[in-house]
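Asks: Before we start, here is the structure in question, set down as structure tokens.
The values are calculated or read from the model by the stated rules, or taken from the named source; none is laboratory data. Given the structure is predicted, the values throughout are model-derived calculations rather than measurements. Reconstructed Cβ throughout: ideal geometry from the backbone, glycine too, with neighbour counts over all protein chains shown. All accessible areas refer to the heavy atoms of the entire protein, side chains included, with ligands and DNA or RNA removed. Shrake-Rupley method; radii C 1.70, N 1.55, O 1.52, S 1.80 Å.
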Amino acid sequence: MTTAVAARDRVRHRIRVVGVVQGVGFRPFVQRLATELALSGHVGNDTEGVVVEVEGPAAAVGGFETRLVAEAPPLARIDEVDATDLAAVAESTFRIIESRATGQVRTLVSPDVAVCDDCLGEMAEPADRRYRYPFINCTNCGPRFTITVRLPYDRPNTTMSSFPLCPDCSAEYHDPGDRRFHAQPVACAVCGPRLWFESGGGSDSADRATLPTHGTDAAIAAAQAALDRGDIVAVKGVGGYHLACDATSDLAVAELRRRKARGDKPLAVMVADLAEAESLAWVGPEEAALLTSRQRPIVLLRRRPGGPLSQLIAPGNPRVGILLPYTPVHHLLFESVPGSGQAVPRALVMTSGNLSDEPICYRDDDARRRLGRLADGWLIHDRPIHVPCDDSVVRVAGGQELPIRRSRGYAPLPVRLPFESAPILGAGGELKNAFCLASGRDAWMSQHIGDMGSLETLDAFEHSTRQFAAMYEVDPARIAADPHPGYQTRAWAEAASERPVEFVQHHHAHIAAVMAEHRVPAGEPVIGFAFDGTGYGHDGAIWGGEALVADYGGFERVAHLAYVPLPGGDATIRKPYRAALAHLWSAGIDWAPDLWPVIAAGEEEVAVLTRQLERDFLCVPTSSMGRLFDAVSSLLGVRQTVSFEAQAAIELEAIADADLGNAREYRFAVEGDGIDPAPVLAAMVADLRAGRGTGPVAAGFHSAVARLIGEVAAETRRHTGIDRVALSGGVFQNVLLVDLARQELSAREFEVLTHRLVPPNDGGLALGQAAVAGYRGSAPAEAGWGS
């Protein structure tokens, strides 16, 4: 009787786990858990994820399924768990079986993550066989996405396939009890990639090459010596090349800017640890958590005055982008080489290995061609990079992460959609391009590609779209693209993709992106504020100060900034004083000689601009909030010309933030669907002429924009009943504005959605494009708020 009861109590379940479950130690975790619970069966990978068959007493199998999710490895992300009943087969052991490459790919590739503390401890231990080995990794850390050629994620399907395992590494790799069990990049000095240093290159000579310096310690010491004497060193990382130099040296930083054609755009700085970061900048608990996270992004921090960093790191900007080492090579650069006596750098510029606006170099031959005159030395390794991946950039807003550039550490994790999508490729925008491949509930966001103004970037875009489609075995049925007639992404979609193209209006895509990342259900509209610099409107004007009622199916434009004619169109983007003069002219404010924009333009240009505006000659109408921020920055004498996007607004935010407690009070005029900035501009001019400080005026402008958002949202709710507000577009990279807008909206009891997974700028545009096109392909024709 007891035996019969036991047999009836024995069950067998097949459990399919979908998510980031390959290359993260999931199979050995499953084996250990099953063994602990005395269960039998097996676990293996396939193209959909991990498949477990587990057998034993019903209570034990139930406990296994609960702990499978609750105690998953740190790098795992479980999206789905499906269990089905099977007939018991009375196995006696639990084993790990070989991977199977069958069926449609549904598994997710883990992002590249920082080297873990366990590996760093081994690297620092002289008795360990991986002492000072620059490519140490384990199941919990190291490269993933950038070395993956195809799925399932096994060593033969990665760029590590060319490094046969030595007996010691092979033993670890095949031992389920070892931390390196099935860690695909596992290696050591005997069998793995190697590091060396080369001198040569630089802008003054293409013929300074010397014999390479081999051996880890010799290569690191040579790189440290080059950096110490002010050289620029190309450092091959996990997702591409960096250009590095001494961040405390004005001469070195100035020379890097000259060679890279960087202008005033800020440069990222790498320091050894959190304590050093805190000595250079103000680091709050949220920033500290991001700096030390496994993603290791560049975190934008407020710089401490009087620190050792060169002022040329971020000219005119009180913030600095800081990141901590995330590869073993980085850590070794900040450590003394035993016996060398070589000085160790305190802070290093670590900027993308490219010319400005080009994609990052990641292939050695391409790097030598494009970086040959930029670098004086090369710290190189022979592990191939299959997928280029630049550093990610984040800020903290309202105590939460705000992505500015989503790439290494985050890509290619998908955003889970709130509905099923047909296979769609969202081509993204012209600036800060990233694309999105959506199918089913998954929307895979690519790494940062770059600005689509060069042939190199277009080639990188095409190459990466093919990689994603092949990796996930998704053949997009349609392409979703921005309708702007001048965008390269539109031209590519129409001419090169050979698939039907669906245009998604720029600002609708922005709002749909923030809706998608918050999984707003289909059919539930939001009040969306899409504020940015440039977006093509249905009427041919340049939009950018938009209030929409939107869902995935469509949108209604309920309010927008009044159109202002911009003389010269895109030429105004580099010259904020032109935007200021256009706004003053539209507001009926005389161009008196004491105003900064008039002084910046000069008499001859003022005369030309006057004729252009009076005759509406070569003037482009715009409702852009980004251009209004530029205009105010110019009007206050903060910034008259810019060398990178949003420079004027960034510096205006810093001035406003420092004087928020003394903010002046201004109000926009709202009539019908028109938002008129003339009263704000007139009051600001009056304050400036009365001798009011720049800080209070700048702070008053930010407060006025936030108040406008609250008032327009309240009026829209009165007509629609919608109490959910979404904020998107590049203007909402401004943390001060985000915080002020959230306060205004929360006081009116709105639910506020801001970006947490993809950037508010055009780097998140593709998610919205894919969400809109994917929803339209599966929803009734009448769905949506119109066009």
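Asks: Show me the helices (runs of 4 or more DSSP H) found entirely inside the stretch 2-71 where at least 1 residues are of a type in the set (Phe, Trp, Tyr).
Replies: Counting at least 1 such residues, we get 26-36, 58-70.
Asks: Output the residues belonging to the stretch 126-158 that are under 17 Å from residue 45 (Cβ atoms) and charged (D, E, K, R). Give the steps one after another, and end with the answer.
Replies: So the first thing to find is which residues in the stretch 126-158 are under 17 Å from residue 45 (Cβ atoms), and the list is 139, 144-145, 147-158.
Once the filter is applied, which keeps residues that are under 17 Å from residue 45 (Cβ atoms) and charged (D, E, K, R), the stretch 126-158 yields 144, 150, 154, 155.
Asks: May I ask you to verify whether residue 134 is closer than 18 Å to residue 114 by Cβ and touching a His at 6+ places or on another chain (Cβ under 8 Å)?
Replies: Numbers: closer than 18 Å to residue 114 by Cβ: yes; touching a His at 6+ places or on another chain (Cβ under 8 Å): yes.
Judged against the criteria, residue 134 is a match.
Asks: When you go through (1) touching an Asp or Glu at 6+ places or on another chain (Cβ under 9 Å); (2) surrounded by fewer than 19 Cβ atoms within 10 Å (Cβ to Cβ); (3) closer than 29 Å to residue 75 by Cα one by one for residue 272, which number turns out not to apply?
Replies: (2)
Asks: Report those helices (runs of 4 or more DSSP H) wholly inside the stretch 436-534 carrying at least 1 residues which are under 29 Å from residue 750 (Cα atoms). Steps first, please.
Replies: Values: elements: 455-472, 488-495, 506-517.
Answer list for the stretch 436-534: 506-517.
Asks: Still on this structure: Does residue 179 satisfy being under 18 Å from residue 21 (Cα atoms) and surrounded by fewer than 24 Cβ atoms within 10 Å (Cβ to Cβ)? Talk me through it step by step, then tell me what you get.
Replies: Working: under 18 Å from residue 21 (Cα atoms): yes; surrounded by fewer than 24 Cβ atoms within 10 Å (Cβ to Cβ): yes.
Against the criterion (under 18 Å from residue 21 (Cα atoms) and surrounded by fewer than 24 Cβ atoms within 10 Å (Cβ to Cβ)), residue 179 qualifies.
Asks: Moving on to the next point. Quick check, is residue 645 modelled with pLDDT under 95, within 21 Å of residue 738 (Cα to Cα) and outside any helix (DSSP H, G or I)? Walk me through it before giving the result.
Replies: Numbers: modelled with pLDDT under 95: yes; within 21 Å of residue 738 (Cα to Cα): yes; outside any helix (DSSP H, G or I): yes.
It is true that residue 645 is modelled with pLDDT under 95, within 21 Å of residue 738 (Cα to Cα) and outside any helix (DSSP H, G or I).
Asks: Could you list, in sequence order, all residues of the stretch 389-427 that are open to solvent by 10 Å² or more (accessible area, probe 1.4 Å), modelled with pLDDT under 95 and in a loop (DSSP other than H, G, I, E, B)?
Replies: Within the stretch 389-427, 398, 399, 413 meet the criteria.
Asks: Only one of these conditions is not met by residue 620: (1) farther than 21 Å from residue 263 by Cα; (2) open to solvent by 20 Å² or more (accessible area, probe 1.4 Å); (3) touching a Gly at 6+ places or on another chain (Cβ under 6 Å); (4) in a loop (DSSP other than H, G, I, E, B). Which number is it?
Replies: Just one mismatch for residue 620, condition (4).
Asks: Name the residue, out of 573, 599, 589, that is farther than 16 Å from residue 675 by Cα, open to solvent by 10 Å² or more (accessible area, probe 1.4 Å) and touching a His at 6+ places or on another chain (Cβ under 9 Å).
Replies: Details: 573 fails: touching a His at 6+ places or on another chain (Cβ under 9 Å); 599 fails: touching a His at 6+ places or on another chain (Cβ under 9 Å).
Step by step, each of 573, 599, 589 is checked, and only 589 is farther than 16 Å from residue 675 by Cα, open to solvent by 10 Å² or more (accessible area, probe 1.4 Å) and touching a His at 6+ places or on another chain (Cβ under 9 Å).
Asks: Give the residues of the stretch 138-164 that are more than 20 Å from residue 328 (Cα to Cα), surrounded by 19 or more Cβ atoms within 10 Å (Cβ to Cβ) and among the aliphatic types (A, V, I, L, M), sorted by residue number.
Replies: 151
Asks: Return the residues of the stretch 648-668 that are open to solvent by 20 Å² or more (accessible area, probe 1.4 Å), aliphatic (A, V, I, L, M) and either assigned to a loop (DSSP other than H, G, I, E, B) or in contact with a Leu (Cβ under 8 Å, 6 or more places away or on another chain) (or both); say none if nothing qualifies.
Replies: 655, 658, 660, 663 - these are the residues of the stretch 648-668 that are open to solvent by 20 Å² or more (accessible area, probe 1.4 Å), aliphatic (A, V, I, L, M) and either assigned to a loop (DSSP other than H, G, I, E, B) or in contact with a Leu (Cβ under 8 Å, 6 or more places away or on another chain) (or both).
Asks: Can you find a residue that is part of a loop (DSSP other than H, G, I, E, B) and under 22 Å from the mean Cα position of the chain (by Cα) anywhere in the stretch 541-561?
Replies: No: the stretch 541-561 contains no residue that is part of a loop (DSSP other than H, G, I, E, B) and under 22 Å from the mean Cα position of the chain (by Cα).
Asks: Okay, moving on. Without any contact (Cβ under 8 Å) to a residue 12 or more places away in the chain and either out of contact with any helix residue (DSSP H, G or I) (no Cβ under 6 Å at 6 or more places or on another chain) or farther than 22 Å from residue 513 by Cα (or both), is that true of residue 373?
Replies: Against the criterion (without any contact (Cβ under 8 Å) to a residue 12 or more places away in the chain and either out of contact with any helix residue (DSSP H, G or I) (no Cβ under 6 Å at 6 or more places or on another chain) or farther than 22 Å from residue 513 by Cα (or both)), residue 373 does not qualify.
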